[in-house]
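Trainee: This is the structure I want to talk about, given as structure tokens.
Each value in this text was obtained by applying a stated rule to the coordinates, not by laboratory testing. All of these numbers come straight from a predicted model, not from anything done at the bench. Please note: Cβ atoms are built from the backbone with ideal geometry, for glycine as well, and neighbour counts cover all protein chains shown.
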Amino acid sequence: MPPPAPILRMSGIGKQFPGVKALDGVDLRLLPGEVHALMGENGAGKSTLIKVLTGVHPIDAGTIELDGRAVAFTSPLEAQQAGISTVYQEVNLCTNLSVAENIFVGREPRRRGRIDWPRMRARAVELLARLDLRLDVSAPLSAYSLAVQQMVAIARAIDIDAKVLILDEPTSSLDAGEVEQLFQVMRNLKEEGIAILFVSHFLDQVYEISDRMTILRNGRLVGEYLTRELPQVELVAKMIGQELAALEKLHGEAKEFGSPLVEARGLGRAGAIEPFSLTIHEGEVVGLAGLLGSGRTEIARLLFGADHAGTGEVAVGGTPVSLRTPRAAMNHKIAFCSENRKSDGLIPDLTVRENIVLALQATRGWTRPVPREQQDELVGRYVAALKINPADPERLVRDLSGGNQQKVVLARWLILEPRLLILDEPTRGIDVGAKTEIQRLVTQLSDGGMAVLFISAELEEVLRLSHKVEVLRDRRLVAELPNDDDLTSDVLMETIASGGRAS
Amino acid sequence: MTTAALDLSRRIPAKYVPVLVTGCLFVAMFVVGGIRYEGFASGQVILNVFVDNAFLLVVAVGMTFVILTGGIDLSVGSVVALSTMISASLMKGPGWPPYLVIPLVLVIGSVLGMVMGYIIHAFDIQPFIVTLAGMFLARGLCYTIGTDSIPIEDATFTAFAQTKVNLFAGMWVSPSVVIAAVVVLVAAYVLHYTRLGRAVYATGGSEQSALLMGLPVARTKITVYTVSGFCSALGGVLLSFYMLSGYGLHAVGMELDAIAAVVIGGTLLTGGSGFLLGTVLGVLVLGLIQTVISFEGTLSSWWTKIFIGLLLFVFILLQRLFSARRT
């Protein structure tokens, strides 16, 4: 059977934001009666693609054809009227209104100028029946669960004679049963000939529901594939963008460590990360591997007390402690370099020296200022040790390059002489030279007895530094792998893709 | 007993509960008053509440629109005063006829409201601040017209003030009450049977969602402040029927009475939930408190304020409980 003509065809789409090329030459085609998955890491351009399609942003290059005619929408409303409806991750409905109203508000059936309530309710019931839902349509939406609200959003979307339905991470807040219900609805709609564009971080779900997928990376098209012909490992490799064969094997090594420093048992937080257990020993580098959004940062934030754990407990040096605030974590000598050094860490208008002593000063309290000679001595030592360039402590931080700014953040935490240093993407966006220096530093620190929790999107970097690697997927810790000779980025990627079932 | 109560709560949707509470309060006050005071338990007592508060009812209707979108309008009292002042001065000085003066006043009030609504929308400023500025502006404009009270001697106005519209059994209301009733009915129709009305509720429920659902949020917001401005101006006209004078110190603090009536009527200050019937009941409760205190005779009229304060506090607490239980 030849494939039917595409209902939607986007070709050569380009979109430039100030300073970033968000989309560059992306093609996408949707066939009627098909679920098409749009895959890519965070920042790969999935959201931007959806936004230019639905008229939130104008496109800079390329063409969009709907049903063979070129279109250019200027607002989501216009796209909706042309038959392209979007259901967003967050349910965008008014919970104070009734179910029927949420489906029809803005285009209520009217008779002689007044809203025809009985007809509106009848049509709502009819429409929901198409989705196998039987609700009291005059009850307020707030009376129903999030999953049902999602279905109501879909009902609203398909009422407008939808040809294309875009579901942007619809499953992220649903439980397994609710996801199944949603998939049933999607299958029904598929049979009616609607083209569905499905975005999800959950690989299992993508493989369960989608027929075809388009993969994006860094705003570029990687390719379009039939889901059944693309193994999960290859999908992950294509999303991350490393050819398996080309990956060099670089290694830290598995070692036996004596005394555990931080032990987390059943630590978890609803909606962020499922309960996990993790032991970090003194002098050990633990790598966290997984796709963006798989829960890497969430683990770091829990261990630093930046988020409250819903379940589980933490012991530091054998004694149970409560890490309720970052301050409490700092008292236990846990330091956290966040992935976003610009917004969370550095104050660009202060000097290098002032930025470095900030954390030390905070732990002493403002009534006991750090003496200037001590400041100069400490700062001088770390500027030299980390090779911060230019080696002038009185320079403003905003004049430094990204790599040197990162070193300033590191120096700030190292001054506190932490026992556990959590590094979240310390090498992102900095040049190769600075990157290797930071990697070398991590090795030195761990040799000196400091424990390091190392988070990076680059698997080879994780492999080069870590003694053991924790693999995350879909907000769950799925495997703990000692970094022995058998562990390659190939194996790691396999584990990420399979969710640890293979190992 | 418990099962009966449970049964009842299941049959009455949660959204009607606040209005019912206000309704019960009103009935209870009326019954207690009727038992305590001679001559209290008559229909005319309730009608007199309407007669004395027709202008407040009209202003509160406009306020209901604004609060339903999650906004607030502090300028209403000043706009009422400005309207009395403009009417009185135009009729006394140049001797303009009422059929010119009244439409002009209504237009001025609407335009003031529309400008405030536009500023709130276009610059994304807190309604509280914008309407506070509007409140000072309108009150200040009163004094540029005149610092003294200006009497109204126009024949149409005095006729309106003194006419009694007879109902059955010797009971009567003033023409202002008829106008207020028409305003309430029209407003209720708009809120429940037009797209504008539903957009008001949707905007109050979640502005962001309303925007993404393709509703004209900007137009809705500007419209509700225009409606509120119009209602304030109309309230001002009714107040000048009632007072037969224009004065810069009329209706001082009326914005707070209007907000109190709306809140006691069960409308959530966060927007999206409430009914006009509730607002009517809220105005009735406020008026009945005044009546009870005047029947009591020995209490100073400031007790009215104390009771309104207590009542408001209780109702805000109730709102909190209701919204807490719902989430």
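Trainee: Working from Cα positions, state the angle (0 to 90°, nearest 10) between the long axis of helix A:432-447 and the longest principal axis of chain A.
Mentor: 60
Trainee: Rg and Dmax of the protein assembly as shown, using alpha carbons, in Å: what are they?
Mentor: 34.0, 104
Trainee: For q values of 0.08, 0.12, 0.16 Å⁻¹, compute log₁₀ I(q)/I(0) with the Debye formula on a Cα-only model of region B:51-251, without solvent.
Mentor: One equal scatterer on each Cα of region B:51-251 leads to -0.28, -0.60, -0.97.
Trainee: So who's got an amide H within less than 5 Å of the one on A:LEU453, skipping anything under 5 residues away but keeping other chains? H placed 1.01 Å off N, in plane.
Mentor: Amide H neighbours of A:LEU453: A:VAL286, A:LEU421, A:ILE422, A:LEU423.
Trainee: Would you mind computing Rg(Cα) / (2.2 N^0.38 Å) for region A:22-152, counting N as its residues?
Mentor: So region A:22-152 has a normalised radius of gyration of 1.26.
Trainee: Using the Kyte-Doolittle scale, find the helices of chain B whose mean hydropathy is at least 0.0 and whose Cα atoms extend 18 Å or more along the helix's long axis, counting only whole DSSP H runs.
Mentor: B:17-36, B:43-68, B:76-92, B:98-122, B:127-145, B:175-193, B:217-243, B:276-296, B:302-326
Trainee: Amide H to amide H under 5 Å from A:ARG473: which residues, 5+ apart in sequence or cross-chain, H placed 1.01 Å off N in plane?
Mentor: Under 5 Å from the amide H of A:ARG473: A:VAL478.
Trainee: Right, something else. Under the Kirkwood approximation applied to all pairs of distinct alpha-carbon atoms, what is the hydrodynamic radius of region A:106-157 in Å?
Mentor: Its Kirkwood hydrodynamic radius stands at 11.7 Å.
Trainee: Please state the charge dipole magnitude for the protein assembly as shown, taken about the Cα centre, from unit charges on C-beta atoms (+1 on K and R, -1 on D and E), reported in debye and rounded to the nearest 20.
Mentor: Using only the charged Cβ atoms, the result is roughly 2320 debye.
Trainee: Roughly how many nanometres apart are two label points built 7 Å out from the Cα toward the Cβ at B:GLU153 and A:PHE17?
Mentor: Modelled inter-label distance: 7.1 nm.
Trainee: I'd like to know which of B:ALA181, B:MET213, B:ALA202 lies farthest towards the positive end of the charge dipole of region B:51-251, counting +1 on Cβ of Lys and Arg and -1 on Cβ of Asp and Glu.
Mentor: Positive-most Cα among the choices belongs to B:MET213.
Trainee: Is there a simple number for the mean count of other chain Cβ atoms within 10 Å of the Cβ of residues in B:200-207, and what is it? Don't skip to the answer; put the middle values down first.
Mentor: On the way: counts 0, 6, 8, 1, 3, 11, 7, 1.
Counting other chains' Cβ atoms within 10 Å and averaging over B:200-207 gives 5.
Trainee: Each residue of region A:385-399 in turn: what ³J(HN,Hα) in whole Hz from Karplus with 6.51, -1.76, 1.60 and θ = phi - 60°, glycine and Pro shown as x?
Mentor: Karplus-based 3J(HN,Hα) across region A:385-399 equals 4, 8, 6, 6, 10, x, 7, 10, x, 9, 6, 6, 4, 5, 7 Hz.
Trainee: If packing is taken as the average count of other Cβ atoms within 10 Å, what order do B:87-96, A:391-400, B:253-262 fall into, highest mean first?
Mentor: Descending packing order for the listed peptides: B:253-262, B:87-96, A:391-400.
Trainee: Can I ask one more? Fewest first, what order do B:CYS24, A:CYS94, B:CYS231, B:CYS142 take by the number of other Cβ atoms within 10 Å?
Mentor: Starting with the residue having the fewest Cβ neighbours, the order is B:CYS24, B:CYS142, A:CYS94, B:CYS231.
Trainee: Find the Cα radius of gyration of region B:270-327, compare it with 2.2 N^0.38 Å by division, and give the number to two decimals. Mind dumping the intermediate values first?
Mentor: Details: Rg = 14.2 Å, N = 58, 2.2 N^0.38 = 10.3 Å.
For region B:270-327, the normalised Cα radius of gyration comes out at 1.38.
Trainee: Same structure, new question: Determine the shielding of peptide B:210-222 by partner chains: average, over its residues, the number of Cβ atoms on other chains within 10 angstrom of each Cβ.
Mentor: Averaged over the peptide's residues, the number is 4.
Trainee: In whole Å, what is the distance between the alpha-carbon centres of region A:344-369 and region B:203-259?
Mentor: A separation of 51 Å, based on Cα centres.
Trainee: For chain A, take the longest principal axis of its alpha carbons; what is the angle in degrees between that and the long axis of helix A:402-415, to the nearest 10 within 0 to 90?
Mentor: Helix A:402-415 sits roughly 60 degrees off the main axis of chain A.
Trainee: With unit charges on the beta carbon (Lys/Arg positive, Asp/Glu negative), name the residue among A:TRP366, A:LEU396, A:VAL352 whose Cα is farthest towards the positive pole of the charge dipole of region A:344-417.
Mentor: The residue sitting most towards the positive pole is A:TRP366.
Trainee: For region B:223-327, just say rounded, prolate or oblate: build the C-alpha gyration tensor, square-root its eigenvalues into a ≥ b ≥ c, call rounded for a/c under 1.5, and beyond that prolate if a/b exceeds b/c, oblate if not.
Mentor: Numbers: a/c = 2.49, a/b = 1.20, b/c = 2.07.
It comes out oblate by the Cα gyration axes.
Trainee: Based on the Kirkwood radius over alpha-carbon pairs, what is the Stokes-Einstein translational diffusion coefficient of region A:257-333 at 20 °C with 1.002 mPa s viscosity, in µm²/s? Before the final figure, lay out each step's value.
Mentor: On the way: Rh = 12.7 Å.
Roughly 169 µm²/s, to the nearest whole number.
Trainee: Any idea what % of Cα-Cα pairs in region A:344-417 are farther than 13 Å?
Mentor: 60
Trainee: If you count, for each residue, the other Cβ atoms within 10 Å and average over each peptide, how do A:289-296, B:199-206 line up from highest to lowest?
Mentor: Listed from highest to lowest mean packing, they are B:199-206, A:289-296.
Trainee: If you don't mind, there's one more thing I want to ask. If Lys and Arg each add +1 and Asp and Glu each add -1, what is the summed charge of the other residues whose beta carbon sits under 14 Å from the beta carbon of A:GLY193?
Mentor: Computed value for this residue: -2.
Trainee: Have a look at A:ILE334, A:HIS281, A:ILE299 and report the one farthest towards the positive end of the charge dipole of region A:275-345, computed about the Cα centre with Cβ charges (Lys/Arg +1, Asp/Glu -1).
Mentor: Farthest towards the positive pole: A:ILE334.
Trainee: Also, quick follow-up: On alpha carbon coordinates alone, what is the Rg over Rh value for region B:188-254, Rh being the Kirkwood radius?
Mentor: Rounded to two decimals, Rg over Rh is 1.17.
Trainee: Also, quick follow-up: Running Debye on region B:140-204 with equal point scatterers at the Cα sites and no solvent, what base-10 log of I(q)/I(0) appears at q = 0.12 Å⁻¹?
Mentor: Rounded to two decimals, the profile gives -0.64.
Trainee: State whether region A:54-95 is rounded, prolate or oblate according to the following rule on the C-alpha gyration tensor (a ≥ b ≥ c being the square roots of its eigenvalues): a/c under 1.5 gives rounded; otherwise a/b larger than b/c gives prolate, and the remaining case gives oblate.
Mentor: Values: a/c = 2.74, a/b = 1.91, b/c = 1.44.
Cα axes put region A:54-95 in the prolate bin.
Trainee: Dipole magnitude of region A:1-128 about its Cα centre, charges +1 at Lys/Arg Cβ and -1 at Asp/Glu Cβ only, in debye to the nearest 20?
Mentor: Computed charge dipole of region A:1-128: roughly 600 debye.
Trainee: I would also like to ask the following. What is the sum of charges, Lys and Arg at +1 and Asp and Glu at -1, for the other residues whose Cβ falls under 11 Å from the Cβ of A:THR63? Provide the component values of the computation, followed by the final result.
Mentor: On the way: positive: A:ARG9, A:ARG69; negative: A:ASP27, A:GLU65.
Once all neighbours under 11 Å are counted, the net charge is 0.
Trainee: Sum up the charges of everything whose Cβ sits under 12 Å from the Cβ of B:LYS221, counting Lys and Arg as +1 and Asp and Glu as -1, but leave B:LYS221 out. Can you show the working numbers first?
Mentor: Numbers: positive: B:ARG219; negative: B:ASP73, B:ASP124, B:GLU207.
Surrounding charge for B:LYS221 is -2.
Trainee: If you don't mind, another one. What size of dipole, in debye to the nearest 20, comes out for region A:8-230 about its Cα centre when the only charges are +1 on Lys and Arg C-beta atoms and -1 on Asp and Glu C-beta atoms?
Mentor: Here region A:8-230 has a charge dipole of around 800 debye.
Trainee: Where Rh denotes the Kirkwood radius from the mean inverse Cα pair distance, what is Rg over Rh for region A:8-230?
Mentor: 0.98
Trainee: How crowded by other chains is B:184-197, given as the mean number of beta carbons from other chains within 10 Å of each beta carbon?
Mentor: Rounded to a whole number, the mean comes out at 2.
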